[in-house]
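Take a look at the structure set out below.
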Amino acid sequence: MKTVGVFDSGVGGLSVLRALLAELPGVRFIYVADSAYAPYGERTVSEITDRSERITAWLRGTHHIDALVVACNTATALAIDSLRATHPDLPIVGVEPALKPAALMSHTRHVGVLATRGTLDSQRFARLRTQLESAALSPVHFICQPCDGLADAIERHDLRTQQSLCERYVAALREHAPGDMDTVVLGCTHYPFAADVLTQLLGPAVTLVDTGIAVARRTRDVLGMSIGVVTPATPPVLLSTGDPAKLSQGASRWLDLQTRAEQLLV
Ligand code: DGL
């Protein structure tokens, strides 16, 4: 059986784990929520790199993982190059805001992007954005909105703050959209858990795009596994550097998993 490590700053990566469990039921996933250090979105590059390196070293040393999924846009943007340099023998799959799929889907060519400040300010994001905005054929215009505090509110399951922040950020997107915006990228793995609020505010004409399924398929490819092989579901191991009860509650609420999370000191 293959073992795959998955980590995020907190509960957000559960949106990626949900897709991984659906696509790869026979894989054993070890999920680390780095909740003691969340949110990552407003932290420095060296802090995020340090946390990512520690968690990866622990996952390798303790669980001998066959691959790693960085289920966090911010950590992918700021630390994946360093992780790949430190672990050249480990297949590492990252998560990037789905700008390309959104560009393919958008009819109006105006696409909103909701993400953390860390992701939006990164060079990796700037490269991807420029590439698509300057495409000779059918360029797309991205309206990028940093969502300070939203991942934290989702982390704390604070529904009132989520509602008011979503209202503020959707209003800001609308204000800066020069034309009709028909697609919005959820560029942080926490945000799918606020999808209902966002859909209500944006209306049915706007499609939300996230990357869970694409990341799961990429993970299957790097593991060299074939499509359609039916294997019994394996329950994931859930670990949190913060309050494990919060992670168990998130897994039960969003993934219908009754797995008890354990404390991890790393
Ligand atoms: N879920 C993470 C992401 O995809 C990080 C959010 C945060 O901790 O700020 O960017």
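The values are calculated or read from the model by the stated rules, or taken from the named source; none is laboratory data. Quantities reported herein were computed from a predicted structural model and do not represent experimental measurements. Cβ atoms come from the backbone with ideal geometry, glycine included; neighbour counts cover every protein chain shown. Just so you know, the surface numbers come from the protein's heavy atoms only, side chains and all, with ligands and any DNA or RNA stripped out. Shrake-Rupley method; radii C 1.70, N 1.55, O 1.52, S 1.80 Å.
The C-beta contact set for segment 115-137 (first residue more than 12 Å from the ligand (Cβ to nearest atom), second residue open to solvent by 30 Å² or more (accessible area, probe 1.4 Å) and assigned to a loop (DSSP other than H, G, I, E, B), distance under 7 angstrom, 6+ apart or interchain) comprises 128/96; 133/139. Tell me yes or no: at least one residue of segment 115-126 is open to solvent by less than 30 Å² (accessible area, probe 1.4 Å), out of contact with any His (no Cβ under 8 Å at 6 or more places or on another chain) and in a strand (DSSP E or B). Yes, that holds for at least one residue.
In this entry, residue 46 passes the filter for residues that are without any contact (Cβ under 8 Å) to a residue 24 or more places away in the chain and over 21 Å from residue 64 (Cα atoms).
Among the residues of segment 55-82, those identified as over 11 Å from residue 3 (Cα atoms), of a type outside the set (Ser, Thr, Tyr) and out of contact with any Leu (no Cβ under 8 Å at 6 or more places or on another chain) are 55, 57, 61, 72, 73, 75, 77, 78, 79, 80, 81. Report, by residue number, each residue of segment 147-162 that is more than 10 Å from the ligand (Cβ to nearest atom) and under 18 Å from the mean Cα position of the chain (by Cα). Those that are more than 10 Å from the ligand (Cβ to nearest atom) and under 18 Å from the mean Cα position of the chain (by Cα): 153, 156, 157, 162. One residue stands out in segment 25-40 among those that are in contact with a helix residue (DSSP H, G or I) (Cβ under 6 Å, 6 or more places away or on another chain) and assigned to a loop (DSSP other than H, G, I, E, B): the one that is farthest from the ligand (Cβ to nearest atom), namely 34.
If you go through segment 134-151 and pick out every residue that is in contact with a His (Cβ under 9 Å, 6 or more places away or on another chain), open to solvent by less than 60 Å² (accessible area, probe 1.4 Å) and at pLDDT below 95, you end up with 1. Could you tell me whether residue 90 is more than 29 Å from residue 205 (Cβ to Cβ) and either of a type in the set (S, T, N, Q) or more than 16 Å from the chain's Cα centre (by Cα) (or both)? Yes. Restricting attention to segment 76-112, the residues that are touching a strand residue (DSSP E or B) at 6+ places or on another chain (Cβ under 9 Å), β-branched (Val, Ile, Thr) and either within 15 Å of residue 128 (Cβ to Cβ) or away from the ligand (no atom under 16 Å from the Cβ) (or both) add up to 5. In the set (1) surrounded by fewer than 24 Cβ atoms within 10 Å (Cβ to Cβ); (2) touching a residue at least 24 places away in the same chain (Cβ under 8 Å); (3) under 25 Å from residue 144 (Cα atoms), the condition left unmet by residue 81 is number (2).
For segment 60-75, filtered to residues that are touching a residue at least 12 places away in the same chain (Cβ under 8 Å) and surrounded by fewer than 24 Cβ atoms within 10 Å (Cβ to Cβ), the residue that is farthest from the ligand (Cβ to nearest atom) is 64.
Checked against (1) modelled with pLDDT under 95; (2) aliphatic (A, V, I, L, M); (3) open to solvent by 50 Å² or more (accessible area, probe 1.4 Å), residue 24 passes all but condition (3).
Given the structure, is residue 196 touching a Pro at 6+ places or on another chain (Cβ under 8 Å) and either within 28 Å of residue 34 (Cβ to Cβ) or away from the ligand (no atom under 16 Å from the Cβ) (or both)? Taking the combined requirement at face value, the residue does not satisfy it.
Please go through segment 174-218 and pick out each residue that is charged (D, E, K, R) and either assigned to a helix (DSSP H, G or I) or open to solvent by less than 10 Å² (accessible area, probe 1.4 Å) (or both). Correct list: 174, 175, 196, 217, 218. If you check 50, 8 for being near the ligand (Cβ under 10 Å from one of its atoms), modelled with pLDDT of 95 or more, on the phi < 0 side of the Ramachandran plot and touching a helix residue (DSSP H, G or I) at 6+ places or on another chain (Cβ under 9 Å), only one passes: 8.
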